[in-house]
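Below: one structure, written as structure tokens.
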Amino acid sequence: MKHLILWRRLLLRSTSSRNADRWNCSRRFGTQDGRQKLDLTDLTCPHAWYPNARRKKRKVFLHVGPTNSGKTYNALKSLERSSSGIYCGPLRLLAWEVANRLNKAGVQCDLITGQEREEKEGARHKSVTVEMADTCGDYNCAVIDEIQMISCRTRGFSFTRALLGISSDELHVCGDPAAVPLIQKILEVTGDTIKVLYYDRLSPLLPLKRPLGSFANIQRGDCIVTFSRQEIYKLKRHIEIEGRHLCSVVYGSLPPETRTRQASMFNDERSNFDVLVASDAIGMGLNLNISRVIFSTLKKFDGIELRELSIPEIKQIAGRAGRYGSKFQTGEVTCIDADDLPLLHSSLESPSPVLERAGLFPSFDLLSLYSRIHMTTDLHHILERFVEKAKLSPNYFISDCEQMLKVAAVVDELPMALKDKYLFCICPVDMNDDISAQGLTQFAENYARKGVVKLREIFTPGTVKVPKTHKALKELESIHKVLDLYVWLSFRMEDSFPDREAAASQKAICNLLIEEFLENFGWRPTNMKMVGVRHR
């Protein structure tokens, strides 16, 4: 209940404190009786939404450079030395890693993500996912990692909110040099001072002139990159049939805990899992001892179309080879097919295109005011109309809200307050996944009908089993997402979602079953001793 009360207080505080500044920045139009009418869709001054941050003259340090250049390491050193601070990363894995690092260094640090709350007594530091960035507190130091994601069409607005809204004496921002001009433009109006620190890669990255050719040429420490679950398992099997290597796998829909353990098996020199087959999920968030990155393809389906990888994507993935301080001091990168080599080489030699705009999205209090003025609680209509009418400065774009609109279409059919509809709309759900969409729908229907959602009414413990097929694996991963969603909702509506511990327990069981599938799937050499791998 404590977290729910805190969340509501923060919302109320941020609403009341921002309103005065927002009114001054919004366009006004005359009415027939001479009064002024507020234009709520004017989002041209988002810096004014955060008076706490504007009361400070922040010292902003932009740490920019390629992968494996030490930029984040140096920013975290400043955080470690600070009297209070917050780290904001794009992934739960990164938040976990930083919290562990600070705690091991003797700096008490809370871990706060959408699905975890691990609080340390007396902690004055936090490690959070960027969506959980605190814009109401006051810090000595803050770090925002992977700032180039500010231009992401779906999540960019969370990075914009953190950049403009965190109140800290020092703000350390890490990422690709392509973000520098945009960040400088955005912060021109904030009164902050900016210093740009450029970094060079700490270990060499060598683009090879020859493709891989045969899978017989796979070596220990190789990472083969592809962009679908089906291709990942196909490549894993092809490599293992050669009889000399076993493969760990890492891809986005694997539970974070399973991804971490698969990576650990690959990194462990005692393990026979000495090759990694992965998606672009390796691009950030995992420390991997990769000697050579091998692209199986330079095309991916991004949810809309099959397209070539961008220059930043190629550089981010390729740069994972040859991590400084690891066994492989020089990284290598190539492709399976010779036809892909020209694009690989030209991308690695080219600077990333300069970012032009940052994501932005209206907060709940703006949508709520819009709802009152237009006398509707139809959230789908509100979102559509607000996005359609939004007025922006040239530095911003409205983030893609396709997933929110799909959820809004579901919750608008239910007797639910606008704030509850909004909460369901911002939850981490993939509405293109049938099982995830069904889980959210059941949660919303039970909440609207009863006010409480018992996990046992949705999910029967003991029914999940080790998957036998890829289809069954996909279904188990989706079930894990539904349980993860329950935990996320339980932190925001604790009384209405009371079975958090049961959901967490069932998530752990799903992790174990998925890991068992991963350990058992594929070809196994009969004479290969399995060191460092659990057997059940």
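When 98, 107 are checked against the criterion of being of a type in the set (A, V, I, L, M), over 23 Å from residue 182 (Cα atoms) and open to solvent by 10 Å² or more (accessible area, probe 1.4 Å), 107 stands alone in meeting it.
For segment 104-141, taking the residues that are without any contact (Cβ under 8 Å) to a residue 40 or more places away in the chain and part of a strand (DSSP E or B), the one that is farthest from residue 503 (Cα to Cα) is identified as 109. The requirement of being on the phi < 0 side of the Ramachandran plot and either open to solvent by less than 10 Å² (accessible area, probe 1.4 Å) or at pLDDT 95 or above (or both) is fulfilled somewhere in segment 21-29, by at least one residue. From the list 182, 187, 171, 164, the one residue that fits, being in a strand (DSSP E or B) and among the hydrophobic types (A, V, I, L, M, F, W, C), is 171. Exactly one residue out of 459, 497, 491 is more than 30 Å from residue 246 (Cα to Cα), open to solvent by 20 Å² or more (accessible area, probe 1.4 Å), touching a residue at least 40 places away in the same chain (Cβ under 8 Å) and among the aromatic types (Phe, Trp, Tyr): that is 459. State yes or no: is residue 393 buried (at least 18 other Cβ atoms within 10 Å of the Cβ) and either modelled with pLDDT of 95 or more or among the hydroxyl-bearing types (Ser, Thr, Tyr) (or both)? In short, no. Residues in segment 373-387 that are touching a Phe, Trp or Tyr at 6+ places or on another chain (Cβ under 9 Å), surrounded by fewer than 19 Cβ atoms within 10 Å (Cβ to Cβ) and within 16 Å of residue 426 (Cα to Cα): 387 only. Scanning segment 457-504 for residues that are in contact with a helix residue (DSSP H, G or I) (Cβ under 7 Å, 6 or more places away or on another chain) and of a type in the set (Ser, Thr, Tyr), we see that the one that is farthest from residue 237 (Cα to Cα) is 496.
If only residues of segment 142-160 that are of a type in the set (S, T, N, Q) and not in a loop (DSSP other than H, G, I, E, B) are counted, the one that is farthest from residue 99 (Cα to Cα) is 151. How many of the residues in segment 221-237 are surrounded by 18 or more Cβ atoms within 10 Å (Cβ to Cβ) and part of a helix (DSSP H, G or I)? Residues in segment 221-237 being surrounded by 18 or more Cβ atoms within 10 Å (Cβ to Cβ) and part of a helix (DSSP H, G or I): 5 in total.
Taken over segment 77-89, the criterion of being surrounded by fewer than 22 Cβ atoms within 10 Å (Cβ to Cβ) and either out of contact with any Leu (no Cβ under 8 Å at 6 or more places or on another chain) or not in a helix (DSSP H, G or I) (or both) is satisfied by 77, 78, 81, 82, 83, 84. Within segment 250-274, the set of residues being touching a helix residue (DSSP H, G or I) at 6+ places or on another chain (Cβ under 6 Å), closer than 13 Å to residue 221 by Cβ and not small (Gly, Ala, Ser) comprises 273 only. Have a look at 294, 317, 218 and point out the one that is touching a His at 6+ places or on another chain (Cβ under 7 Å), of a type outside the set (S, T, N, Q) and crowded, with 21+ Cβ neighbours inside 10 Å. Being touching a His at 6+ places or on another chain (Cβ under 7 Å), of a type outside the set (S, T, N, Q) and crowded, with 21+ Cβ neighbours inside 10 Å holds for just one of 294, 317, 218, which is 218.
The values are calculated or read from the model by the stated rules, or taken from the named source; none is laboratory data. None of the values given here were measured: they were computed from a predicted structure. Methodologically, a virtual Cβ is constructed for each residue, glycine included, from the backbone with ideal geometry; neighbour enumeration extends over all protein chains shown. What goes into the accessible areas is simple: the full protein's heavy atoms, side chains included, and nothing from ligands, DNA or RNA. Shrake-Rupley method; radii C 1.70, N 1.55, O 1.52, S 1.80 Å.
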